[in-house]
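Taking it in order: structure first as C-alpha cells, then the write-up.
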Amino acid sequence: MAVEFKHRVLGNGLTVIAEADADAHSAAAGFFVRTGARDEPLALMGVSHFLEHMMFKGTEKVSADELNQRFDDMGARHNAYTSGEVTCFYAQVLPELMGDALGLLSHMMRPALRQDDFDTEKNVILEEIAMYRDNPFWVLYEEAMDRYFRPHGLGYRVLGTDESITALTRDQMAGYFNDRYAPDNMVLSLAGRVDFDRACEMAERECGDWAPTGARRDTAPPPTNAEEFTLEDEGVHRGYLIGLAPAPSADDERRYAAMVLGQLLGGDGNSRLHWALVEKGIAEEAQAGYDPHEGCGVFMVYAGGEPDRLGTIRGVINDEIDGLVDSMTETDLERIRNRIATMATVGGERPGDRMQRIGRLWAALQYHRSLEEELERINSVTLDNLRNLYAEMSPMPRLVGTLCPAG
C-alpha cells in the first residue's frame, strides 16, 4: 500500500499532518514549534533552547522522572532539538504504542516550568555553552553567523551567551512560552503505521484547550554584512577558516540547484575542495554546503589545517570556486544527484525520518511535498540550472573569518 498524505487543522489552529503507511513496522510523532533563535528578543537569546530542556522537567501532573520512565517503558526513541527556526519534540515507537506516545508528548508540551527546575537547568545550559567553546568549528561558525546577519536574529547563538542565560528569568521564559508555544504556531507530524483519524481525535482531546496567540515571524530577507575578521585562542593549535555567501531561501525553487552546487564544491568525499585541499595535504579538513532559511539562504565553506597555511588554503578555495562553472560535467551532476537521492531515499524508508522531513517542511513553508516529488526536483537539476545560479549567487564568500592560536 502506498504512503498516503493526510492533513487536518484543529479548531484552535493546530495543524496535524501524516504520511501514513499501513505496511510500516514503526510509527513516529513529533511536535514542531515554529520558534527558534531568530524569534527571540536579543535580551532573551538562548531562551528557545533553554525552554527545550525545561520541557523534560515534567508537568503539573507528571514528574520529570515519571515522564522519562513512561517513555522508557514503551521503548520509545524520544528526544528534542532546537535550531534557529524550529524546536522539535518527538518519539518513535511500535505502532501499537503510538497512542501512548502521542498522549505523553502532548502532556509534555505543557510543562510546569518550576523555579527550582529552572535554577538547576540554568547551570546545565551554562556548562553546555562552555563545552561548545572547546569546539573550534562551533566558535568560528557562531561568530561568523553573528557578524554576517547582525543585527538580525538569524545570527543569534542557539545556546545563547553566558550573559543572556545568566540574566534570563523564569518569568521571562514563561512569557516567551505562552506566546510562541501556541497551537497555531505548531505542527503535529506523524509517519509510519498510524491511524490518522484516531490521532486527530486524541490531539483534539489532549490539545484542544490550548489557546492560539497569532504568533508570527518576519520572513523578509535580512540584509547581510561583508567583512573579514580573525579570532585568536590560546586553546587551539590549528588554523581554521570559514566563509559565508548569499544563497536561495527555503521557499526558492533554486534551492535544489544550491544543494547540488554545495555538494559538488565541498560535500563529503569526492568534492572539489576535498581533492584540491585534503588529498593534496594542504588542509586536514575542507567542506562546503548550503543552508536554507526562511527569507534567505547561506553558502558556507570551511577548512582547517596548519595556521601558516591558511593563506594558501583560502587561495585554493577561491580558485576552486572561480573555476567551478567551467569544470562542471554531466558526470559530476549525475554523481551528486545520485548521492542526494540516495540519502533522501534511505531516510524515506524510516518513519522517523519521514516525520522529520514533512514536519520541518510544513513548519517552514506550510505545504507538503512527497519524497517522490522531492526526488523529481533533485533529478531535474541541470548544468544550466547550476550555471545560472552561480551567476546569480556565487558561493564566493562575502564574509571570511579565521581562528588561529594566540600569539
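List pairs: first residue in the range 269-287 and within 22 Å of Val298 (Cα to Cα), second residue small (Gly, Ala, Ser) and surrounded by fewer than 14 Cβ atoms within 10 Å (Cβ to Cβ) anywhere in the structure, Cβ distance under 8 angstrom, at least six positions apart or on different chains. Hits for this filter: Arg272/Ser327.
Within the range 7-40, work out how many residues are crowded, with 16+ Cβ neighbours inside 10 Å and either among the hydrophobic types (A, V, I, L, M, F, W, C) or not assigned by TED's automatic domain parsing to the domain that holds Met108 (or both). Total meeting the criteria: 14.
Checked against the criteria, Arg114 counts as closer than 22 Å to Leu168 by Cα and among the charged types (D, E, K, R).
Of all the criteria given as (1) within 28 Å of Ala28 (Cα to Cα); (2) buried (at least 20 other Cβ atoms within 10 Å of the Cβ); (3) among the aliphatic types (A, V, I, L, M); (4) within 24 Å of the chain's Cα centre (by Cα), the one not satisfied by Ala215 is (2). Residues that are in a loop (DSSP other than H, G, I, E, B) and touching a Gly at 6+ places or on another chain (Cβ under 9 Å): does the range 325-341 have at least one? The answer is no; no qualifying residue exists. Residues in the range 379-405 that are touching a strand residue (DSSP E or B) at 6+ places or on another chain (Cβ under 6 Å) and more than 21 Å from Asp326 (Cα to Cα): Arg398, Leu399, Val400, Gly401, Thr402, Leu403, Cys404. Entry remark, the range 146-172: residues being surrounded by fewer than 20 Cβ atoms within 10 Å (Cβ to Cβ), under 18 Å from Lys57 (Cβ atoms) and of a type outside the set (Val, Ile, Thr) number 3 in total.
Could you tell me whether Ala406 is in contact with a Leu (Cβ under 7 Å, 6 or more places away or on another chain), farther than 23 Å from Val86 by Cα and not charged (D, E, K, R)? Taking the combined requirement at face value, the residue does not satisfy it.
The residues in the range 354-377 that are surrounded by fewer than 18 Cβ atoms within 10 Å (Cβ to Cβ), part of a helix (DSSP H, G or I), touching a residue at least 60 places away in the same chain (Cβ under 8 Å) and not hydrophobic (A, V, I, L, M, F, W, C) can be counted, and the count is 1. If you check Phe71, Phe31, which single one turns out to be in contact with a helix residue (DSSP H, G or I) (Cβ under 7 Å, 6 or more places away or on another chain), touching a residue at least 40 places away in the same chain (Cβ under 8 Å) and aromatic (Phe, Trp, Tyr)? Going through Phe71, Phe31 in turn, just one is in contact with a helix residue (DSSP H, G or I) (Cβ under 7 Å, 6 or more places away or on another chain), touching a residue at least 40 places away in the same chain (Cβ under 8 Å) and aromatic (Phe, Trp, Tyr): Phe31.
When the criteria are applied in full, Ile317 fails the requirement of being within 28 Å of the chain's Cα centre (by Cα), among the hydrophobic types (A, V, I, L, M, F, W, C) and more than 21 Å from Val400 (Cβ to Cβ). Of everything in the range 393-407 that's at pLDDT 95 or above and hydrophobic (A, V, I, L, M, F, W, C), which residue is surrounded by the most Cβ atoms within 10 Å (Cβ to Cβ)? The selected residue is Leu403. With respect to the conditions (1) within 17 Å of Glu19 (Cβ to Cβ); (2) surrounded by fewer than 18 Cβ atoms within 10 Å (Cβ to Cβ), Ser380 falls short on a single one, namely (1). Of the listed requirements (1) over 30 Å from Asp319 (Cα atoms); (2) outside any helix (DSSP H, G or I), Ser394 misses just one: (1). The set of residues in the range 34-52 that are over 25 Å from Thr15 (Cβ atoms) and either in contact with a helix residue (DSSP H, G or I) (Cβ under 7 Å, 6 or more places away or on another chain) or part of a helix (DSSP H, G or I) (or both) comprises Leu42, Ala43, Leu44, Met45, Gly46, Phe50. What are the residues in the range 154-203 that are closer than 20 Å to Gly214 by Cα, assigned to a helix (DSSP H, G or I) and not charged (D, E, K, R), if any? Correct list: Gln172, Met173, Ala174, Gly175, Tyr176, Phe177, Asn178, Pro183, Asn185, Ala203. Would you call Glu206 within 30 Å of Gly99 (Cβ to Cβ), of a type in the set (D, E, K, R) and surrounded by 15 or more Cβ atoms within 10 Å (Cβ to Cβ)? Yes: the conditions hold for Glu206.
Within the range 194-212, residues that are over 15 Å from Val9 (Cβ atoms) have Cβ atoms under 9 Å from residues that are acidic (Asp, Glu) in these pairs: Val194/Glu19; Val194/Asp21, counting only partners at least 6 apart in sequence or on another chain. Checked against (1) part of a loop (DSSP other than H, G, I, E, B); (2) basic (Lys, Arg); (3) buried (at least 21 other Cβ atoms within 10 Å of the Cβ), Lys61 passes all but condition (3).
Of a type outside the set (Ser, Thr, Tyr), at pLDDT 95 or above and crowded, with 20+ Cβ neighbours inside 10 Å: is that true of Ala43 in this structure? Considered against the rule, which asks whether it is of a type outside the set (Ser, Thr, Tyr), at pLDDT 95 or above and crowded, with 20+ Cβ neighbours inside 10 Å, Ala43 comes out as no.
Condition check ((1) closer than 26 Å to Ile317 by Cα; (2) in a loop (DSSP other than H, G, I, E, B); (3) out of contact with any His (no Cβ under 7 Å at 6 or more places or on another chain)) across all residues:
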position	(1), (2), (3)
Gly214	no, yes, yes
Glu232	yes, no, yes
Val236	yes, yes, yes
Ile242	yes, no, yes
Ala245	yes, no, yes
Glu253	no, yes, yes
Tyr256	yes, no, yes
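The values are calculated or read from the model by the stated rules, or taken from the named source; none is laboratory data. All figures in this text were calculated on a predicted structure; none of them were measured in a lab. With ideal geometry, Cβ positions are generated from the backbone for all residues, glycine too; neighbour counts draw on all protein chains shown.
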